[in-house]
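*Asks:* Pasting a structure here, questions to come.
The values are calculated or read from the model by the stated rules, or taken from the named source; none is laboratory data. Treat the numbers as computed from the prediction; the structure is a model and nothing was measured. Cβ coordinates were reconstructed from backbone atoms using ideal geometry, including for glycine residues, and neighbour counts include every protein chain displayed.
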Amino acid sequence: MSDLVQLTLRGDMAERIEVEGLTADRVAALSQAEIAKLPVFVGARRAQLGDFFDITGGRSARIRIDGDLSRIDGVAAGMTAGEMLIFGNVGARAGAGMAGGWVDVRGDAGDDAGMAMSGGALRITGNAGDRVGSAAPGASKGMTGGEIIVGGFAGADVAARVRRGLVVIGGDVGANAARAMIAGTLVAIGRTGPNPGRGSKRGTIVAAGGIEVPVTYRYACTFQPTYIRLLFTYLRRQYGVFFRDEVLDGPYRRHCGDTGDPGKGEILELLQL
């Protein structure tokens with residue numbers, strides 16, 4: 001048993017690789033040699049993890065990965081416990097289906113990060129692609145628990161069909177944010193793209209950087225919600241999320257909708273003074 005399992009990518013990847021199953025909880029029971037034999041797929045061709053990574057350590061629920069994993073998909077997908085620290089970018093579906101544990105990506109992430117997540121925490125210090133925390137293809141609901149923190153911007157369909165949990169985007173958010181949201185919370189510190197919250201049944205969008213509220217939402221009131229202060233204080237302490245002082249203390253307009261569905265969701269829009 002070692003304190004840490006270290007994986008170092010050998011050079012740049014010419015092809016996309018699927019490594020779904022590379023998780024801290026799975027590696028915790030494996031020796032160094034067994035980790036090297038974990039299956040990966042290069043297209044339809046089966047290979048081994050050790051064909052692409054130098055590996056040291058074994059039987060530890062803490063993993064550190066170094067290298068540009070932009071062409072490597074499924075890292076930390078389905079993880080239930082443990083810690084993964086990734087120094088570099090990751091490909092698609094990072095942390096998809098996570099049920100527990102802590103994944104910290106010190107770089108950018110591709111599409112579908114945290115897709116169908118049910119627990120744990122996924123932090124991405126850079127930017128993320130489309131469908132952060134959204135539903136798997138054909139599924140009726142997306143994220144059902146846990147927390148996703150993105151330091152930069154994110155693409156379209158962020159938090160689509162979210163049932164429960166928290167998604168925080170430090171930069172701008174693309175179109176259709178929180179589409180068909182069932183419950184949960186989406187925080188956008190940057191500007192929110194077009195058509196947010198359409199078809200929302202319940203849940204909250206906190207829009208701190210500007211938003212065009214759909215006409216199917218109705219204005220309710222302007223106030224300073226205690227919930228906002230508690231939420232942002234938690235985000236600052238837990239994840240080091242940066243935001244302007246007025247995000248914490250400023251007045252918010254509350255809009256209820258989507259009345260076209262109809263739903264009981266809300267958009268809390270920071271009043272830009």
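*Asks:* Just to check your reading of the model, which residue among Gly197, Gly257 is within 22 Å of Gly129 (Cα to Cα) and in contact (Cβ under 8 Å) with a residue 24 or more places away in the chain?
*Replies:* Among Gly197, Gly257, only Gly197 is within 22 Å of Gly129 (Cα to Cα) and in contact (Cβ under 8 Å) with a residue 24 or more places away in the chain.
*Asks:* Looking only at residues that are in contact with a Leu (Cβ under 8 Å, 6 or more places away or on another chain) and closer than 18 Å to Phe243 by Cβ in region 143-155, which one is surrounded by the most Cβ atoms within 10 Å (Cβ to Cβ)?
*Replies:* This residue is Ile148.
*Asks:* Given the criterion out of contact with any strand residue (DSSP E or B) (no Cβ under 8 Å at 6 or more places or on another chain) and either of a type in the set (A, V, I, L, M, F, W, C) or more than 23 Å from Thr125 (Cα to Cα) (or both), identify the matching residue among Gly203, Gly199.
*Replies:* Gly199
*Asks:* Scan region 215-227 residue by residue and report those that are assigned to a loop (DSSP other than H, G, I, E, B), closer than 19 Å to Leu271 by Cα and either more than 27 Å from the chain's Cα centre (by Cα) or at pLDDT below 95 (or both).
*Replies:* Residues satisfying the conditions are Val215, Gln224, Pro225.
*Asks:* Of all residues in region 72-92 being in a loop (DSSP other than H, G, I, E, B) and touching a residue at least 60 places away in the same chain (Cβ under 8 Å), which is nearest to Val42 (Cα to Cα)?
*Replies:* By that ranking, first place goes to Gly91.
*Asks:* Okay, next question. Considering only region 237-264, state which residues are within 18 Å of Ala177 (Cα to Cα) and either acidic (Asp, Glu) or at pLDDT below 95 (or both).
*Replies:* The answer is Gly257, Asp258, Thr259, Gly260, Asp261, Pro262, Gly263, Lys264.
*Asks:* Taking the condition under 17 Å from Arg191 (Cα atoms), among the charged types (D, E, K, R) and surrounded by fewer than 16 Cβ atoms within 10 Å (Cβ to Cβ), does Glu212 pass?
*Replies:* Taking the combined requirement at face value, the residue satisfies it.
*Asks:* In region 171-179, is there at least one residue being modelled with pLDDT of 95 or more, part of a strand (DSSP E or B) and not acidic (Asp, Glu)?
*Replies:* Within region 171-179, one or more residues are modelled with pLDDT of 95 or more, part of a strand (DSSP E or B) and not acidic (Asp, Glu).
*Asks:* When you go through Leu248, Leu230, Leu235 one by one, which is the residue that is outside any loop (DSSP other than H, G, I, E, B), closer than 30 Å to Gly120 by Cβ and touching a helix residue (DSSP H, G or I) at 6+ places or on another chain (Cβ under 6 Å)?
*Replies:* Answer to the selection: Leu248.
*Asks:* Out of all the residues in region 182-195, which are surrounded by 24 or more Cβ atoms within 10 Å (Cβ to Cβ) and farther than 20 Å from Ala121 by Cβ?
*Replies:* Within region 182-195, Thr192 is the sole residue that qualifies.
*Asks:* Determine which single condition Gly190 fails, assuming it passes every other condition in (1) under 18 Å from the mean Cα position of the chain (by Cα); (2) assigned to a loop (DSSP other than H, G, I, E, B); (3) farther than 20 Å from Leu271 by Cα.
*Replies:* Failing condition for Gly190: (3).
*Asks:* For region 156-173, how many residues are surrounded by fewer than 22 Cβ atoms within 10 Å (Cβ to Cβ) and either touching a Pro at 6+ places or on another chain (Cβ under 9 Å) or in contact (Cβ under 8 Å) with a residue 40 or more places away in the chain (or both)?
*Replies:* Going through region 156-173 one residue at a time, the tally reaches 1.
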